[in-house]
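The values are calculated or read from the model by the stated rules, or taken from the named source; none is laboratory data. On a predicted model such as this, the values are computed, not experimentally measured, just so you know. Cβ atoms come from the backbone with ideal geometry, glycine included; neighbour counts cover every protein chain shown.
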Amino acid sequence: MSFLIEKAARTGFCPGVKRAMDIVTRAAAEHGHIETLGAVVHNQQVIDGLIGIGVEVVKRVEDIKGKVVVTSSHGVSPEVDDLIKSRGIEAIGTVCGDVRRAQVAARRLAEAGFLVIVYGDANHPEVKGILGWAKGEGIATVDDNVVAALNPMPRRVGVLSQTTQVPDSFAAFAKRVVDLALKRDAEIRIIDTLCHELRERQASAVELARRADLMLVVGGRSSANTNRLAELCSQVTETHLIETAEEILPGWLTGKKLVGITAGASTAEETVNEVVARLEALRS
């Protein structure tokens with residue numbers, strides 16, 4: 001087989017993930033063993049590496065055995081934070097700055113009497129945390145019909161986004177909410193809480209996908225931003241989401257001239273390089 005291999009301009013850890021990794025690595029070195037409440041990032045290879053240095057993932061506050069816990073880069077609600085403190089446990093936060101900005105926006109909107117509408121996956125830890133900061137005055141959805149069904153439509157509506165969503169999709173959703181709300185004498189605030197690093201990563205991936213015969217998106221299948229990349233690239237060319245180089249099937253490469261590679265924000269550059277090495281071996 002003969003084909004070219006090209007990585008997108010932006011791969012490797014984003015600044016937020018790099019910061020979270022630095023924090024949890026230092027905590028593990030200091031304490032010898034450290035627990036994290038949920039996965040710090042959604043990438044199994046990264047989590048496996050952390051387990052190797054003494055990091056243990058627990059699912060619930062009640063499962064924390066030690067006196068120190070690291071909370072996820074996706075953030076937690078104030079209720080979860082208070083529960084940790086009530087048990088005499090020290091929390092070391094790794095929340096991404098963009099997620100924190102969304103949390104603050106949700107809190108301020110709720111305090112001003114707005115219903116907070118979060119464009120995002122209601123089951124994602126980040127979105128659950130943002131809704132927690134809305135103090136019960138929020139909903140999360142990617143379906144504008146959910147907003148249309150509100151009866152009555154609140155007079156004050158605030159719209160923000162899960163940080164990893166696609167900008168064009170959020171814009172279309174926000175426009176629909178405006179159209180609905182303006183018919184009901186409402187006040188509307190739309191706040192851009194999208195991650196600009198991911199916005200650039202998405203643009204870089206799509207630019208490459210337009211030239212490639214095949215795109216490989218490297219990252220965790222539970223990672224929201226990785227799935228967004230795969231969705232965007234698949235609209236342009238043949239695309240496969242993989243977690244490791246071993247998942248590449250030689251049949252994908254038949255007749256391909258250019259194979260593009262992009263990766264989620266929580267995918268280590270080492271994993272991306274392993275994908276490149278696997279492709280080079282298959283074309284030799």
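Structure above, values below:
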{"read-out": "Failed item, numbered, when residue 125 is tested on (1) under 27 Å from residue 58 (Cα atoms); (2) of a type outside the set (A, V, I, L, M); (3) surrounded by fewer than 18 Cβ atoms within 10 Å (Cβ to Cβ)", "value": "(3)"}
{"read-out": "Output for segment 65-79, where each listed residue is of a type outside the set (Gly, Ala, Ser) and farther than 25 Å from residue 265 by Cα", "value": "65, 67, 68, 78, 79"}
{"read-out": "Residue satisfying condition, being within 30 Å of residue 114 (Cβ to Cβ) and either touching a strand residue (DSSP E or B) at 6+ places or on another chain (Cβ under 6 Å) or small (Gly, Ala, Ser) (or both), within set 224, 281", "value": "224"}
{"read-out": "Candidate set from segment 70-91 (those that are under 17 Å from the mean Cα position of the chain (by Cα) and of a type in the set (Val, Ile, Thr)); member that is nearest to residue 136 (Cα to Cα)", "value": "76"}
{"read-out": "Qualifying residue in segment 39-53 (condition: surrounded by 15 or more Cβ atoms within 10 Å (Cβ to Cβ), of a type in the set (Gly, Ala, Ser) and more than 18 Å from residue 219 (Cβ to Cβ))", "value": "no"}
{"read-out": "Any hit, segment 101-123, residues being acidic (Asp, Glu), closer than 28 Å to residue 29 by Cβ and in the same structural domain as residue 186 (by TED's automatic domain parsing)", "value": "no"}
{"read-out": "Filter result for residue 192 (part of a loop (DSSP other than H, G, I, E, B), among the charged types (D, E, K, R) and surrounded by fewer than 22 Cβ atoms within 10 Å (Cβ to Cβ))", "value": "yes"}
{"read-out": "Residue list for segment 124-173, restricted to those being more than 23 Å from residue 187 (Cβ to Cβ), in a helix (DSSP H, G or I) and either within 15 Å of the chain's Cα centre (by Cα) or not assigned by TED's automatic domain parsing to the domain that holds residue 108 (or both)", "value": "125, 126, 127, 128, 129, 167"}
{"read-out": "Filter result for the condition that a residue is surrounded by 14 or more Cβ atoms within 10 Å (Cβ to Cβ) and among the acidic types (Asp, Glu), over 246, 274, 270, 280", "value": "274"}
{"read-out": "Hits in segment 70-123 (condition: assigned to a loop (DSSP other than H, G, I, E, B) and among the basic types (Lys, Arg))", "value": "87"}
{"read-out": "Filter result for residue 179 (among the acidic types (Asp, Glu), modelled with pLDDT of 95 or more and either out of contact with any Pro (no Cβ under 6 Å at 6 or more places or on another chain) or surrounded by 23 or more Cβ atoms within 10 Å (Cβ to Cβ) (or both))", "value": "no"}
